[in-house]
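Trainee: Below: one structure in structure tokens.
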Amino acid sequence: MNAYVAQVIDNVSKKNANEPEFVQTVKEVFSSISPVVDKHPEYEKADILNRMVTPERTFTFRVVWTDDEGKVHTNTGYRCQFNGAIGPYKGGLRFQPNVNLSIIKFLGFEQTFKNSLTGLPIGGGKGGADFDPAGKSDAEIMRFCQSYMSALYRYIGPDIDVPAGDMGVGGREIGYLFGQYRRLKGNFENGVLTGKGLSYGGSLIRPEATGFGAIYYLNEVLKHENDSIVGKRIGVSGYGNVAWGIMKKAAELGAKVTYMAGPDGYVHDEEGITSEEKLNYILEMRKNDPMHCEPYADKFGCEFVPNEKFWGIKDVDIYMPAATQNDVDIESAKKINESGVKYYIEVANMPTTNEALDLLRANKNIIVAPSKAVNAGGVGVSALEMSQNSERLSWSKEEVDKELHRMMVNIHDASAKAAEEYGLGYDLVAGGNIAGFLKVATAMLEQGIF
Ligand code: 2IT
């Protein structure tokens with residue numbers, strides 16, 4: 001490995017030893033860019049890598065709210081404005097009890113390269129809170145969001161930093177966050193958030209964009225292998241917003257999701273989760289209880305395996321981890337390697353541990369695609385939402401979908417080309433990291449030392 005790259009990884013590992021997820025993602029991205037740094041000594045001269053692993057600004061804030069019984073609760077909010085070299089900071093907010101600085105920084109670092117891959121002018125950022133939305137009433141969610149935005153609003157804006165949703169933050173939360181921003185600022189600046197409702201500047205297709213984009217990307221991988229999506233069976237971990245978009249688009253293109261997994265176990269639906277009735281039921285089920293997917297198996301009479309993950313099953317063609325980080329560990333990766341399944345398409349942010357990813361990438365019979373490319377259609381359509389807001393108009397469904405499709409084809413092709421240029425063959429993981437990195441590095445170099 002390039003000595004400068006190794007030295008930066010070593011620095012980060014020591015300095016951020018209490019931030020394991022962040023260290024993990026830095027190692028993953030930077031191990032791919034070693035040949036690029038060999039070729040470009042100017043990066044070391046300008047210390048680009050140490051600058052890239054140091055967020056431009058990170059802050060935490062107090063979020064106090066009152067529950068329906070009148071009890072006062074205190075949470076910690078976060079926002080990490082990681083890299084603004086190619087555009088305003090852009091990235092979601094995650095509300096989950098396990099949120100901490102390490103998780104926010106890993107997501108912000110990944111987001112920087114992902115956003116660069118979209119080809120659109122957006123920098124990288126991420127935020128959230130250690131708030132648990134499970135079991136909260138609508139009024140409690142609203143009060144939490146209002147308190148959260150009261151602390152954040154001074155530091156964001158359409159040309160500064162544009163948050164969106166992530167786990168625990170969907171259309172409802174974005175609505176309350178935007179309402180409070182508007183109330184505090186006394187203006188209508190809807191480009192400050194994306195993932196908004198259609199009545200106040202949201203974009204068509206944004207809720208489905210991450211899942212649809214993942215299938216468009218998968219389609220390019222299949223084409224590259226002279227294969228076709230028609231008739232393919234897909235195992236998806238997760239059944240949230242992103243997994244749902246995958247199910248829907250897969251069905252539209254003639255494939256089917258036959259496995260889905262939740263925190264309580266997994267469902268096997270050999271017929272495929274393809275009908276409108278099934279897709280609608282999943283939305284209903286999730287609204288009532290986001291922790292259990294077993295009711296689906298009960299309702300549609302299919303197999304449910306409690307407390308297990310499905311990694312290792314042989315009766316699918318494609319695995320798509322779409323739940324959360326580090327869902328696939330080394331033991332799961334061994335099972336996947338033995339399953340004979342050819343395509344491993346990451347969807348959730350960092351769903352694979354580094355060890356597991358190395359093992360899968362070493363298997364020449366498996367094609368691995370990285371989440372920062374595969375799931376980039378979500379933030380990509382967020383950037384299209386920003387464009388629509390600044391133009392003060394809205395695009396048709398067809399226009400947004402066409403742009404999303406074009407973006408995913410470009411991301412796939414740019415990743416394949418970057419890997420090819422560095423003599424790495426069809427390595428989508430390295431290629432995605434290299435292509436994302438180059439644009440950010442160039443922008444930083446051209447803007448001078450700071
Ligand atoms: O991980 C992600 O890319 C997101 N949560 C979406 C971010 C966005 O700004 O739409």
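Read-outs throughout are calculated quantities, based only on the coordinates presented, and are distinct from any laboratory measurement. Predicted, not measured: the structure shown is a model, and the values here were computed from it. Positions of Cβ are generated from backbone atoms using ideal geometry, with glycine treated the same way; all protein chains shown enter the neighbour counts.
Trainee: How compact is the stretch 150-229 by the rule of thumb for globular proteins, expressed as Cα Rg over 2.2 N^0.38 Å? The partial results should precede the final answer.
Mentor: Details: Rg = 16.8 Å, N = 80, 2.2 N^0.38 = 11.6 Å.
With N residues counted in the stretch 150-229, Rg over 2.2 N^0.38 Å equals 1.44.
Trainee: Given the Cα-Cα distance of GLU421 and ARG392 and 0.36 nm per residue of separation, how much length would full extension add, in nm? If you can, show how the numbers build up before the last one.
Mentor: On the way: separation 29, 0.36 × 29 = 10.44 nm, distance 4.07 nm.
Computed gain between GLU421 and ARG392 is 6.4 nm.
Trainee: Which value in deg cm²/dmol, rounded to the nearest 500, describes the helix-derived mean residue ellipticity at 222 nm for the chain, given -39,500 (n - 2.57) per DSSP H run of n ≥ 4 and division by the residue count?
Mentor: Numbers: 18 runs with 223 residues, N = 450.
The helix-only estimate for the chain comes to -15500 deg cm²/dmol at 222 nm.
Trainee: Taking loop as defined by DSSP and a crowding limit of 16 other beta carbons within 10 Å, which chymotrypsin sites (Phe, Trp or Tyr not before Pro) in the stretch 248-305 fit?
Mentor: Working: sites: TYR259, TYR266, TYR281, TYR296, PHE300, PHE304; in loops: none.
Loop-located and lightly packed - none at all.
Trainee: Quick one: if the Förster radius is 45 Å, what FRET efficiency do GLU331 and ASN187 give, using the C-beta to C-beta distance and rounding to 0.05? Let's see the in-between values first.
Mentor: On the way: r = 53 Å, r/R0 = 1.17.
Efficiency, rounded to the nearest 0.05: 0.30.
Trainee: Measuring from centroid to centroid over Cα atoms, what is the spacing of the stretch 305-328 and the stretch 2-48 in Å?
Mentor: Centre-to-centre distance over Cα atoms comes out at 30 Å.
Trainee: Something else: Once you have the alpha carbon radius of gyration of the stretch 67-193, what is it after dividing by 2.2 N^0.38 Å, with N set to its residue count?
Mentor: Working: Rg = 14.3 Å, N = 127, 2.2 N^0.38 = 13.9 Å.
Dividing the Cα Rg of the stretch 67-193 by 2.2 N^0.38 Å gives 1.03.
Trainee: Extending each Cα 7 Å along its Cβ direction at LEU253 and LEU445, get the distance between those two points in nm, one decimal.
Mentor: If labels sit at LEU253 and LEU445, their model points lie 3.5 nm apart.
Trainee: Taking the Cα atoms of the stretch 286-363, report the difference between the largest and smallest coordinate on each principal axis, in whole Å and largest first.
Mentor: 40, 25, 18
Trainee: Next question. Using the basic label-point model (7 angstrom from Cα toward the beta carbon), what is the SER199 to LYS314 distance in nanometres?
Mentor: 5.4
Trainee: Between GLU399 and THR74, with labels modelled 7 Å along Cα→Cβ, what's the label distance in nm to one decimal, could you check?
Mentor: So the label points at GLU399 and THR74 sit 4.9 nm apart.
Trainee: P(r) for the chain: what percent of alpha-carbon pairs falls in each 10 Å bin, starting at zero?
Mentor: All Cα pairs, binned at 10 Å, distribute as 4, 22, 32, 28, 12, 2, 0 percent.
Trainee: Note down the relative contact order for the chain as a percent, whole number, built from C-alpha pairs under 8 angstrom at least six residues apart. Intermediate results must be reported in sequence, preceding the final value.
Mentor: Numbers: 912 pairs, mean separation 69.8, N = 450.
RCO, the chain: 16 percent.
Trainee: Additional query: Return a whole-number percent for the relative contact order of the stretch 169-250, with Cα pairs under 8 Å and 6 or more residues apart as the contact set.
Mentor: Working: 55 pairs, mean separation 22.2, N = 82.
Worked out over the stretch 169-250, it gives 27 percent.
Trainee: Follow-up. Using a Cα-Cα cut-off of under 13 Å, which aspartates and glutamates could be cross-linked to LYS299, ignoring same-chain neighbours fewer than 8 residues away?
Mentor: ASP269, GLU277, GLU284
Trainee: Which shape class applies to the stretch 13-131: rounded if a/c is under 1.5, otherwise prolate when a/b exceeds b/c and oblate if not, where a ≥ b ≥ c are the square roots of the Cα gyration tensor eigenvalues? Don't skip to the answer; put the middle values down first.
Mentor: Details: a/c = 2.90, a/b = 2.09, b/c = 1.39.
It comes out prolate by the Cα gyration axes.
Trainee: Okay, moving on. Cα centroids of the stretch 384-422 and the stretch 133-153: how far apart, whole angstrom?
Mentor: Cα centroid of the stretch 384-422 versus Cα centroid of the stretch 133-153: 32 Å apart.
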